[in-house]
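> Below: one structure in structure tokens.
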Amino acid sequence: MPLFTRAFIAGAALLSAGLAAPAFGACRDVLHLGETYLACSFDPSTSDIRLYNKDQTGMPFRSFRALSLELRRREQYLVFAMNGGMYHEDLAPVGLHVEEGAELAPLNRNPGWGNFHMLPNGVFYVGDGMAGVMAAEAYRLAGIEPRFATQSGPMLVIDGALHPRFLPESDSLKTRNGVGVTNSGKVVFAVSKRPVRFHDFATLFRDALDCPNALFLDGTISSLYAPEINRHDRLFPLGPIIAVVAAFPR
């Protein structure tokens, strides 16, 4: 049976049994400044949001399909997934990567070039029933001990302000994806349907999605797994993966 079908059957079974189920229907189109974006929202108090990079053999998953198959062996399934931050050629994360409380890659405070080092960069983290986005230096000083975390950059929105280097008339247009946390604590993942500038993508999170803090995840390789809308991107090998996971009902 296809993974998509199994996921929907599992969700339906949970509902019929009166048990909590992941939020299907979490993805929607959002029109902002003349462009359409796909935004998917989850409540971290009821959805199991995780980070993955390598399988049990120490090899990168590389794809949503490989992660789906691994989870199925654990009697779990993917509700949703998105590429989860920048990575090296070997698919190892460029910055902080935490899984199940274990820091597998440290916070990256090194100077460099490219989007990751367009300071401030930041961290998306998940704890027990909550999630946050925070500029990397503020995260370090806060002494947060997350269950899952990934570092990427640049920050899109910092405490309600746009990143200072974003230009409203920039001619740098690319497909972009990112993550933010709303004022009510919901996690929102968004991806542009066409190439857009950083400024417009950041205002999407601040003005249309109610996120006072949001983090850029990546550009051209922006990838999404959302079975509720029959989307399963396969074009690029993936490093860190942010996933919403659920268990099959027994």
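The values are calculated or read from the model by the stated rules, or taken from the named source; none is laboratory data. No experiment lies behind these values; they were computed from the predicted model shown. We place every Cβ from the backbone using ideal geometry, glycine too, and count neighbours over all the protein chains shown. These accessible areas exclude ligands, DNA and RNA; they are computed on the full protein's heavy atoms, side chains included. Shrake-Rupley method; radii C 1.70, N 1.55, O 1.52, S 1.80 Å.
> Tell me yes or no: at least one residue of the range 95-118 is assigned to a strand (DSSP E or B), of a type outside the set (Gly, Ala, Ser) and in contact with a helix residue (DSSP H, G or I) (Cβ under 7 Å, 6 or more places away or on another chain).
No, there is no match, as no residue in the range 95-118 is assigned to a strand (DSSP E or B), of a type outside the set (Gly, Ala, Ser) and in contact with a helix residue (DSSP H, G or I) (Cβ under 7 Å, 6 or more places away or on another chain).
> A further question follows. Name the one entry in Val157, Val123, Val133 that is in contact with a Lys or Arg (Cβ under 7 Å, 6 or more places away or on another chain), within 24 Å of Cys40 (Cβ to Cβ) and part of a strand (DSSP E or B).
Being in contact with a Lys or Arg (Cβ under 7 Å, 6 or more places away or on another chain), within 24 Å of Cys40 (Cβ to Cβ) and part of a strand (DSSP E or B) holds for just one of Val157, Val123, Val133, which is Val157.
> Would you confirm whether or not the range 181-190 contains a residue that is hydrophobic (A, V, I, L, M, F, W, C), in contact with a helix residue (DSSP H, G or I) (Cβ under 8 Å, 6 or more places away or on another chain) and over 19 Å from Leu91 (Cβ atoms)? Steps first, answer last, please.
The initial filter retains those residues of the range 181-190 that are hydrophobic (A, V, I, L, M, F, W, C), namely 181, 187-190.
Now restrict to residues that are in contact with a helix residue (DSSP H, G or I) (Cβ under 8 Å, 6 or more places away or on another chain): 188, 190.
This time we only want the ones that are over 19 Å from Leu91 (Cβ atoms), so: 188, 190.
For the range 181-190, residues hydrophobic (A, V, I, L, M, F, W, C), in contact with a helix residue (DSSP H, G or I) (Cβ under 8 Å, 6 or more places away or on another chain) and over 19 Å from Leu91 (Cβ atoms): present.
> Something else: Looking at the range 43-76 only, could you name the residues that are more than 15 Å from the chain's Cα centre (by Cα) and of a type in the set (Lys, Arg)?
Lys54, Arg62, Arg65, Arg72, Arg73, Arg74
> Check the range 98-119 and report whether any residue there is touching a Cys at 6+ places or on another chain (Cβ under 8 Å), of a type outside the set (A, V, I, L, M) and open to solvent by less than 50 Å² (accessible area, probe 1.4 Å).
Looking for residues that are touching a Cys at 6+ places or on another chain (Cβ under 8 Å), of a type outside the set (A, V, I, L, M) and open to solvent by less than 50 Å² (accessible area, probe 1.4 Å), one finds none in the range 98-119, hence no.
> What's the number of the only condition in (1) at pLDDT below 95; (2) open to solvent by less than 40 Å² (accessible area, probe 1.4 Å) that Pro249 fails to meet?
For Pro249, the failing item is (2).
> With closer than 28 Å to Pro60 by Cβ and either in contact (Cβ under 8 Å) with a residue 40 or more places away in the chain or not aliphatic (A, V, I, L, M) (or both) as the only criterion, which of Val157, Val191, Val196 stands out?
Val191 is the lone residue from the list that is closer than 28 Å to Pro60 by Cβ and either in contact (Cβ under 8 Å) with a residue 40 or more places away in the chain or not aliphatic (A, V, I, L, M) (or both).
> Moving on to the next point. Would you call Pro146 modelled with pLDDT of 95 or more, closer than 24 Å to Thr182 by Cα, touching a strand residue (DSSP E or B) at 6+ places or on another chain (Cβ under 7 Å) and outside any helix (DSSP H, G or I)?
Values: modelled with pLDDT of 95 or more: yes; closer than 24 Å to Thr182 by Cα: yes; touching a strand residue (DSSP E or B) at 6+ places or on another chain (Cβ under 7 Å): yes; outside any helix (DSSP H, G or I): yes.
Yes, satisfied.
> Working only within the range 147-160, note down all residues that are surrounded by 12 or more Cβ atoms within 10 Å (Cβ to Cβ) and touching a helix residue (DSSP H, G or I) at 6+ places or on another chain (Cβ under 9 Å).
Those that are surrounded by 12 or more Cβ atoms within 10 Å (Cβ to Cβ) and touching a helix residue (DSSP H, G or I) at 6+ places or on another chain (Cβ under 9 Å): Ala149, Gln151, Ser152, Gly153, Pro154, Met155, Leu156, Val157, Ile158.
> Separate question: Looking at the range 232-243, which of its residues are open to solvent by 40 Å² or more (accessible area, probe 1.4 Å) and of a type in the set (Gly, Ala, Ser)?
If the condition is that a residue be open to solvent by 40 Å² or more (accessible area, probe 1.4 Å) and of a type in the set (Gly, Ala, Ser), then no residue fits.
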